[in-house]
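Shown next, in structure tokens, is the structure this report addresses.
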Amino acid sequence: MISTTLCYIENNNSYLMLHRTKKNKDVNKDKWIGIGGKFENCESPFDCVKREVLEETGFILNKAEYRGLVTFVSRTSDGAEPYYELMHLFWSNDFTGANGQSAQVLPECDEGELAWIPKDKMKDLPQWESDVLFLNLIEKNAPFFSMKVEYLDGKLVSAVQEQ
């Protein structure tokens, strides 16, 4: 199982999203996702999310709210080994530019294109079906949650919010 972080950064009623277009062998290819990535050795979830946000956006998270855990299980009908991921989910609206950059100045990103997407347009984006579910929990300011989502051949087959 790999561990990752994902952060929804909010500003002016929009979320900073990454359109994953630049890597050919990318499970997120052509999807819009929040900002995050894989843990490095000895990182805490907060260490990881802060590093990933800085690397991908040039922004420094002053405060990040730890909102939930999402367990992904992805299977294929050909019987290949399932993919497991534990994602630590964050939200923030408290950030600054590393070099005094404003929120509207977005750097080049080697994983795709960064864009501020208005909240009312989020559901129109090509994204993982489960992302809509946990983003809805963030929008409702739900208490800390755990969710397990299962995909078969890239289609959501189960999503359970665990108590």
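The values are calculated or read from the model by the stated rules, or taken from the named source; none is laboratory data. Since the structure is predicted, the reported quantities are computational estimates derived from the model, not experimental observations. Every residue, glycine as well, gets a Cβ built from its backbone with ideal geometry; the counts of neighbours run over all protein chains shown. These area figures cover heavy atoms from the full protein model, side chains too; ligands, DNA and RNA do not enter into them. Shrake-Rupley method; radii C 1.70, N 1.55, O 1.52, S 1.80 Å.
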Check your understanding: Looking only at the stretch 136-147, which residues are in contact (Cβ under 8 Å) with a residue 60 or more places away in the chain and either crowded, with 16+ Cβ neighbours inside 10 Å or polar (S, T, N, Q) (or both)?
Key -> Leu137, Ile138, Phe145, Ser146, Met147
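Scan the stretch 13-29 for residues that are assigned to a loop (DSSP other than H, G, I, E, B), at pLDDT 75 or above and either surrounded by 12 or more Cβ atoms within 10 Å (Cβ to Cβ) or of a type in the set (A, V, I, L, M) (or both) and jot them down. Steps first, answer last, please.
So in the stretch 13-29, the residues assigned to a loop (DSSP other than H, G, I, E, B) come out as 13, 21-29.
From what is left, the residues that are at pLDDT 75 or above are 13, 21.
Matches in the stretch 13-29: Thr21 only.
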Review point. Among the listed residues Leu114, Leu89, which satisfies the condition of being out of contact with any Gly (no Cβ under 7 Å at 6 or more places or on another chain) and either loosely packed, with under 14 Cβ neighbours inside 10 Å or modelled with pLDDT of 90 or more (or both)?
Key: Leu114
Exercise for review: Return yes when Leu133 is surrounded by 11 or more Cβ atoms within 10 Å (Cβ to Cβ) and part of a strand (DSSP E or B) and no when it is not.
Suggested key: no
Review point. Yes or no: Ala98 free of Cβ contacts under 8 Å to residues at least 40 places away in the same chain and small (Gly, Ala, Ser)?
Key: no
Revision key, fill the gap. Flagged in the stretch 151-163 as over 17 Å from Gln127 (Cβ atoms) and open to solvent by less than 80 Å² (accessible area, probe 1.4 Å), in numbering order, are Leu152, Ser158, Val160, Glu162
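This table checks each residue for (1) assigned to a helix (DSSP H, G or I); (2) of a type in the set (A, V, I, L, M); (3) open to solvent by less than 10 Å² (accessible area, probe 1.4 Å).
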| site | (1), (2), (3) |
| --- | --- |
| Gly37 | no, no, no |
| Asn41 | no, no, no |
| Asp47 | yes, no, no |
| Lys50 | yes, no, no |
| Leu54 | yes, yes, no |
| Ile60 | no, yes, no |
| Ala64 | no, yes, no |
| Gly68 | no, no, yes |
Practice item. Determine the pairs where a residue that is within 13 Å of Asn12 (Cβ to Cβ), located within the stretch 112-128, has a partner that is in a loop (DSSP other than H, G, I, E, B) with Cβ atoms under 6 Å apart, the partner being 6 or more residues away or on another chain. Key: Lys119/Asn13
Exercise for review: Answer yes if at least one residue in the stretch 70-88 is under 16 Å from Tyr15 (Cα atoms) and assigned to a strand (DSSP E or B), and no otherwise.
Suggested key: no
Revision key, fill the gap. Only unsatisfied item for Lys121, checking (1) in contact with a strand residue (DSSP E or B) (Cβ under 6 Å, 6 or more places away or on another chain); (2) not in a strand (DSSP E or B), is (1)
